[in-house]
1. If you stretched the chain out fully between Val106 and Ala159, how much longer would it get, using 0.36 nm times the residue separation minus the C-alpha to C-alpha distance?
2. Mind scanning Lys21/Lys172; Lys21/Lys62; Lys172/Lys216; Lys21/Lys113; Lys62/Lys163; Lys99/Lys187 and naming the pairs with a C-alpha gap bigger than 27 Å?
Amino acid sequence: FAAGVLLAGNRFRPQIQADIKPFEGILLGVFFMTAGAELDPAVVIQELPTLMVGILAFIFTKAGVLFASGPALGLTMAESARVALTLAGGGEFSFVLFKLAQDLGVLPSDLAKLLTASVIISMSLTPLLGELGDFTGNYLESRMGTAPSTINGDGLTAAEAEKIFDETDTDKNGAIDLDELRVALIKLHIPYAAIADIFTSFDSNGDNEICRAEWKAGCDAGLLEAALQN
């Protein structure tokens with residue numbers, strides 16, 4: 001996990017992503033199987049009221065902090081709401097911290113099981129939270145009278161496609177990664193959960209980056225227009 005965090009900002013990131021792509025499904029499966037194995041059904045049943053209160057308190061607190069931080073990071077209120085609710089669930093790094101705390105004798109085993117269950121359940125709520133975030137963002141924009149950014153669905157010209165590519169490629173390295181596309185499409189009200197599929201449809205060579213040629217080919221094929229109309 002630590003190696004992944006360190007390599008995420010490395011200039012070799014695209015090559016690393018391409019190298020591990022064949023193993024991505026296996027690694028994700030192992031992770032979720034391991035996380036699921038940590039869930040104790042007996043603890044969930046026995047401590048259900050405590051879990052529900054704790055999960056709701058955690059989600060509201062985390063969402064509140066993220067929402068309040070959004071404007072300082074250049075986000076509108078609507079964008080802040082989308083990001084805050086989508087990311088309000090627990091994160092996988094919690095498992096690392098809980099395990100470390102147990103090994104150091106700081107966290108009792110019973111409490112660790114309870115906290116692990118709360119994180120797993122909150123992670124399972126992420127798709128619902130994403131939909132709620134999208135709904136809340138749209139509601140705030142309608143209340144504030146701010147029109148969303150739009151792209152003409154009647155057909156993109158080559159110049160328009162080039163302009164969108166240049167605006168989305170924020171680090172100006174000549175390619176769009178998933179994070180850059182996610183930031184751009186969230187502003188266009190594309191559902192958070194659908195952005196990964198859109199990225200895959202453009203990334204024809206599977207190198208986890210959309211080059212200018214792939215972007216042009218995808219726009220010519222109507223992929224962006226189809227995403228905006230759905």
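Taken together, the values in this text are just the output of simple stated rules run on the coordinates, not laboratory data. Fair warning: this is a prediction, and the values are worked out from it, not measured in the lab.
1. Numbers: separation 53, 0.36 × 53 = 19.08 nm, distance 5.93 nm.
Length gained, Val106 through Ala159: 13.1 nm.
2. Numbers: Lys21/Lys172 24 Å; Lys21/Lys62 31 Å; Lys172/Lys216 17 Å; Lys21/Lys113 32 Å; Lys62/Lys163 36 Å; Lys99/Lys187 38 Å.
Over 27 Å Cα-Cα: Lys21/Lys62; Lys21/Lys113; Lys62/Lys163; Lys99/Lys187.
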